[in-house]
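Participant: What follows is a structure written as structure tokens; I'll ask about it next.
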């Protein structure tokens, strides 16, 4: 009889069209091959409800609860705010999902649980969850508190105080959860080590499962028509464009790097490809050579026909899917050190790593000048060797059955 698994996620893990959903979906899809999976998740985008049929075909049960709009979620987070508790705890609390999980725990319906993200950990930290035959694994993915600390460092009052409080209280939750769960996962060995430096009492309780890439889906052998006008030299950035680190990355590139490259003939253009562009991103379209697409049916044609893909992130936690996907598409990639962290590749051989406007512009220019003709081929070979989901998820099997 297949073992029964509770898979709990803070967002519906389908479609796999952005970082957190990509990792969650591949984990769920993999585990459904050997476990009877019951999925509990929150839905913050009503369009995602259209994909429940796909999840129900893969899972024995799907318990999906709607989160009402951002303002309602913010109000709920504030009303549930307690001293020493992060705002995100209230943001992702849903009483009906909590009741469903609690009933399942009381009924001993599951043999194990995989909980995706620290914000969902409290759902499976009550006394009914503590029994020797029920293995609980938390996939924290990143040290999320470190992201909020980075936000605080670059902010002015009063938001500096808000972000600093979130960083401090979230680290407290991350630490408590890691001590409570049987095992806590991160997206890379580097991220796991960073957490242990912040919470040394959790040493020995953490592990990592690296992100992968779907090499069959992101395959340069497919013949996609070019989405770019004839004669352009496109530099591409892909990602969810309402996400603050992405917003800051493209704003910096457009303002500080692209002008250095526009002196070339022909001048390259910068294409920002991704859903939900923030107003600050939309405003970039007024700059010479900058194009903001918004949601596109498929990012792969934009990658396939790009001259170079860039990942100029200043704030980045864990392994960036945008880097893996561009490499899988055999495109030359120029990334910052932050965006490169956790990627198993050799700088200068498989991709270029640069920091600062002048160095980034020089790296992109060297690609455009043809100085790295084998970079794309080497990039795909690197991710095939180290970031194939089939290989990375074997570690997840070992952690869940230990």
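The values are calculated or read from the model by the stated rules, or taken from the named source; none is laboratory data. All figures in this text were calculated on a predicted structure; none of them were measured in a lab. Here the Cβ is made from the backbone with ideal geometry for all residues, glycine too, and neighbour counts use every protein chain on show.
Participant: Consider residue 58 carefully, then state whether it is crowded, with 20+ Cβ neighbours inside 10 Å, at pLDDT 95 or above, at negative phi and in contact with a helix residue (DSSP H, G or I) (Cβ under 9 Å, 6 or more places away or on another chain). First the steps, then the outcome.
Facilitator: Values: crowded, with 20+ Cβ neighbours inside 10 Å: no; at pLDDT 95 or above: yes; at negative phi: yes; in contact with a helix residue (DSSP H, G or I) (Cβ under 9 Å, 6 or more places away or on another chain): yes.
It is false that residue 58 is crowded, with 20+ Cβ neighbours inside 10 Å, at pLDDT 95 or above, at negative phi and in contact with a helix residue (DSSP H, G or I) (Cβ under 9 Å, 6 or more places away or on another chain).
Participant: I'd like to check something: does segment 285-298 contain any residue that is surrounded by 17 or more Cβ atoms within 10 Å (Cβ to Cβ), touching a strand residue (DSSP E or B) at 6+ places or on another chain (Cβ under 8 Å) and either under 30 Å from residue 209 (Cβ atoms) or modelled with pLDDT under 95 (or both)?
Facilitator: Taking segment 285-298 as the starting set, the residues that turn out to be surrounded by 17 or more Cβ atoms within 10 Å (Cβ to Cβ) are 289-293.
In the following step, the residues that additionally are touching a strand residue (DSSP E or B) at 6+ places or on another chain (Cβ under 8 Å) were identified as 289-293.
Filter once more, keeping what is either under 30 Å from residue 209 (Cβ atoms) or modelled with pLDDT under 95 (or both): none.
For segment 285-298, residues surrounded by 17 or more Cβ atoms within 10 Å (Cβ to Cβ), touching a strand residue (DSSP E or B) at 6+ places or on another chain (Cβ under 8 Å) and either under 30 Å from residue 209 (Cβ atoms) or modelled with pLDDT under 95 (or both): absent.
Participant: Please go through segment 21-41 and pick out each residue that is surrounded by fewer than 23 Cβ atoms within 10 Å (Cβ to Cβ) and either assigned by TED's automatic domain parsing to the domain that holds residue 275 or under 19 Å from residue 123 (Cα atoms) (or both).
Facilitator: 38
Participant: Filter segment 351-367 down to the residues that are at negative phi and out of contact with any helix residue (DSSP H, G or I) (no Cβ under 8 Å at 6 or more places or on another chain) and list them by number.
Facilitator: Applying the first criterion (at negative phi) to segment 351-367 yields 351-355, 357-367.
Once the filter is applied, which keeps residues that are at negative phi and out of contact with any helix residue (DSSP H, G or I) (no Cβ under 8 Å at 6 or more places or on another chain), segment 351-367 yields 359, 362, 363, 366.
Participant: If the requirement is being assigned to a helix (DSSP H, G or I), in contact (Cβ under 8 Å) with a residue 60 or more places away in the chain and not assigned by TED's automatic domain parsing to the domain that holds residue 343, which of these qualifies: 191, 128, 174? Before the answer, list the steps.
Facilitator: Working: 128 fails: in contact (Cβ under 8 Å) with a residue 60 or more places away in the chain; 174 fails: in contact (Cβ under 8 Å) with a residue 60 or more places away in the chain.
Every option except 191 fails the conditions.
Participant: Related question: Name the pairs whose Cβ atoms lie under 7 Å apart, with the first residue in segment 33-57 and under 17 Å from residue 112 (Cβ atoms), the second assigned to a helix (DSSP H, G or I) and modelled with pLDDT of 95 or more, and 6 or more positions between them or separate chains?
Facilitator: What qualifies is 37/28; 37/31; 39/28; 39/55; 40/97; 40/100; 40/101.
Participant: Residues in segment 372-387: is at least one part of a loop (DSSP other than H, G, I, E, B) and out of contact with any helix residue (DSSP H, G or I) (no Cβ under 9 Å at 6 or more places or on another chain)?
Facilitator: Yes: segment 372-387 contains one or more residues that are part of a loop (DSSP other than H, G, I, E, B) and out of contact with any helix residue (DSSP H, G or I) (no Cβ under 9 Å at 6 or more places or on another chain).
Participant: Please state which of the following conditions residue 269 fails to meet, knowing it meets all the rest: (1) touching a strand residue (DSSP E or B) at 6+ places or on another chain (Cβ under 9 Å); (2) free of Cβ contacts under 8 Å to residues at least 24 places away in the same chain.
Facilitator: (2)
Participant: Quick one: residue 184 ticks every box in (1) in contact (Cβ under 8 Å) with a residue 12 or more places away in the chain; (2) assigned to a helix (DSSP H, G or I) except a single one, so which number is it?
Facilitator: The number of the failed condition is (2).
Residues are listed down the side, and each one gets a yes or a no for (1) part of a strand (DSSP E or B); (2) touching a residue at least 60 places away in the same chain (Cβ under 8 Å); (3) touching a strand residue (DSSP E or B) at 6+ places or on another chain (Cβ under 9 Å):
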position	(1), (2), (3)
310	yes, yes, yes
313	no, yes, yes
324	no, yes, yes
327	no, yes, yes
330	no, yes, no
343	no, no, yes
349	no, no, no
352	yes, no, yes
355	no, no, no
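Participant: Please work out which residue is nearest to the chain's Cα centre (by Cα), limiting yourself to segment 106-119 and to residues that are modelled with pLDDT of 95 or more and not in a loop (DSSP other than H, G, I, E, B).
Facilitator: At the first step, the residues of segment 106-119 found to be modelled with pLDDT of 95 or more are 106-116.
If we keep only those that are not in a loop (DSSP other than H, G, I, E, B) too, we end up with 106, 112-116.
On the way: 106: 32, 112: 24, 113: 21, 114: 17, 115: 16, 116: 12 Å.
Looking at the filtered set, the residue picked out is 116.
Participant: Output the residues belonging to segment 276-308 that are over 18 Å from the mean Cα position of the chain (by Cα) and in a helix (DSSP H, G or I).
Facilitator: 279, 280, 281, 282, 283, 284, 301, 302, 303, 304
Participant: While we're here: Could you grab me the full set of residues in segment 98-128 that are touching a helix residue (DSSP H, G or I) at 6+ places or on another chain (Cβ under 8 Å) and surrounded by 22 or more Cβ atoms within 10 Å (Cβ to Cβ)?
Facilitator: Hits for segment 98-128 are 101, 110, 113, 114, 115, 116, 118, 119, 121, 123, 124.
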